[in-house]
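Report on one structure; see the data block that follows.
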Amino acid sequence: MVKIAISGKGGVGKTTLAAMLAYLFAKDGYTVTAIDCDSSINLPTVLGVENIKPMSELEEIIEERVKGPLGTFRYNPKVDDIFEEYSEKNEFGVRVLALGTIEKGGEGCFCPQNAFLRAILRHAIFKKKDVLLLDMEAGIEHLGRGTARGVDLLIAVIEPGMRSVETLRRIEKLAADIGIERIAVVINKYIDSEGAKKLIEEIERDAEILGKIPYNQCFIEADLENIPPYKLNCEIEAFERIKNRIVEIIS
Ligand SMILES: Nc1ncnc2c1ncn2[C@@H]1O[C@H](COP(=O)(O)OP(=O)(O)OP(=O)(O)O)[C@@H](O)[C@H]1O
Ligand SMILES: [Mg+2]
């Protein structure tokens, strides 16, 4: 139904947004898959799932699946079984998995690990149905052109501040380079002010704002206590509005 990649600078709230959307879509009855694509893994914890083994650490399986006979190399290794086996469902049914570290081998890198992780992403994007949420690092290059075509919506999370307009431009350029057509913005940790209003005007000149999430200490407390924010009864109305807006724009 909808495949969403979430990107933005470090610490802006990508993982919080991914987890909250996963929770809200699942609550509405959608089948949700949430993938942590960040090399420092924390989405599983925020979704209440422990002990997930990152896909990048399945060395033996990667060897076996990617390396063919006589030194050949499979670009399309079989991963559907792995996908089920090394992911975990959380208490409200969200399937959670973690990619782990993607080696930065540059263009044309033949690392078996990268071929494997890309196959996992391709499987998630093209074979799984319903809602897919990808919690990405600031860079989204490792999606690759082919896979990026399957992404319906890239959400750029930014914090209020004129500097974040630059970040947004950078994300827009990256997205255009790999062929993601639809980008929308979420402003997180929002504090109402004249400056913030100016920022919104600036962004709205050429991008859609999906919503603003107020700055709320409750999320920091949840993080400190290492529990999912929906369990602390943090105010989640802003996330709900964003989820509804997503449903609107993709249907
Ligand atoms: N609306 C908010 N108000 C206050 N704090 C928030 C809000 N959203 C997220 N935070 C807090 O900001 C911190 C960073 O959030 P989060 O981990 O979601 O960001 P991230 O972009 O995924 O970070 P990283 O780049 O490290 O993966 C966390 O402590 C989180 O609880
Ligand atoms: Mg994160």
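Every read-out reported here was derived from the displayed coordinates using simple, explicitly stated rules and does not represent laboratory data. Note that the coordinates shown come from a computational prediction; the quantities given were computed from them, not determined experimentally. Counting neighbours? That spans all protein chains shown, and the Cβs are built from the backbone with ideal geometry, glycine included.
Could you please let me know if Ala18 is under 21 Å from Lys129 (Cβ atoms), within 14 Å of ligand 2 (Cβ to nearest atom), part of a strand (DSSP E or B) and in contact (Cβ under 8 Å) with a residue 40 or more places away in the chain?
no
Of all residues in segment 123-141, those satisfying the criterion of being within 16 Å of ligand 2 (Cβ to nearest atom) and buried (at least 19 other Cβ atoms within 10 Å of the Cβ) are Leu133, Leu134, Asp135, Met136, Ile140. Scanning segment 142-161 for residues that are part of a loop (DSSP other than H, G, I, E, B) and without any contact (Cβ under 8 Å) to a residue 60 or more places away in the chain, we see that the one that is surrounded by the most Cβ atoms within 10 Å (Cβ to Cβ) is Pro160.
Only a single item in (1) more than 11 Å from Asp135 (Cα to Cα); (2) in contact with a strand residue (DSSP E or B) (Cβ under 8 Å, 6 or more places away or on another chain); (3) of a type outside the set (D, E, K, R) is not met by Leu43, and it is number (1). Just wondering, is there one or more residues in segment 176-193 that are under 18 Å from the mean Cα position of the chain (by Cα) and assigned to a helix (DSSP H, G or I)? Yes - at least one qualifying residue is present in segment 176-193.
Just one of (1) more than 16 Å from ligand 1 (Cβ to nearest atom); (2) surrounded by 19 or more Cβ atoms within 10 Å (Cβ to Cβ); (3) not small (Gly, Ala, Ser) fails for Glu181. It is (2). Reported count of residues in segment 42-57, each being more than 16 Å from ligand 2 (Cβ to nearest atom) and either in contact with a Ser or Thr (Cβ under 7 Å, 6 or more places away or on another chain) or within 23 Å of Glu240 (Cβ to Cβ) (or both), is 1.
Does Ile203 satisfy the condition of being in contact (Cβ under 8 Å) with a residue 12 or more places away in the chain, away from ligand 2 (no atom under 16 Å from the Cβ) and aliphatic (A, V, I, L, M)? The answer is yes for Ile203. Might you check whether a residue that is surrounded by 12 or more Cβ atoms within 10 Å (Cβ to Cβ), of a type in the set (Asp, Glu) and more than 10 Å from ligand 1 (Cβ to nearest atom) occurs anywhere in segment 47-60? Taking every residue of segment 47-60 in turn, at least one turns out to be surrounded by 12 or more Cβ atoms within 10 Å (Cβ to Cβ), of a type in the set (Asp, Glu) and more than 10 Å from ligand 1 (Cβ to nearest atom). Looking only at segment 184-215, residues that are over 18 Å from Leu154 (Cβ atoms), among the β-branched types (Val, Ile, Thr) and within 11 Å of ligand 1 (Cβ to nearest atom) come to 1 in all.
Of the residues Ser39, Ser7, which single one is within 11 Å of ligand 2 (Cβ to nearest atom) and either over 17 Å from the mean Cα position of the chain (by Cα) or more than 17 Å from Phe116 (Cβ to Cβ) (or both)?
Working: Ser39 fails: either over 17 Å from the mean Cα position of the chain (by Cα) or more than 17 Å from Phe116 (Cβ to Cβ) (or both).
Of Ser39, Ser7, the one residue that is within 11 Å of ligand 2 (Cβ to nearest atom) and either over 17 Å from the mean Cα position of the chain (by Cα) or more than 17 Å from Phe116 (Cβ to Cβ) (or both) is Ser7.
Within the option set Val79, Val2, Val32, Val94, being among the aliphatic types (A, V, I, L, M), more than 15 Å from ligand 2 (Cβ to nearest atom) and surrounded by fewer than 19 Cβ atoms within 10 Å (Cβ to Cβ) holds for one residue only, Val2.
Might you check whether a residue that is of a type in the set (D, E, K, R), in contact with a strand residue (DSSP E or B) (Cβ under 9 Å, 6 or more places away or on another chain), in a loop (DSSP other than H, G, I, E, B) and away from ligand 2 (no atom under 16 Å from the Cβ) occurs anywhere in segment 220-242? Yes, some residue in segment 220-242 is of a type in the set (D, E, K, R), in contact with a strand residue (DSSP E or B) (Cβ under 9 Å, 6 or more places away or on another chain), in a loop (DSSP other than H, G, I, E, B) and away from ligand 2 (no atom under 16 Å from the Cβ).
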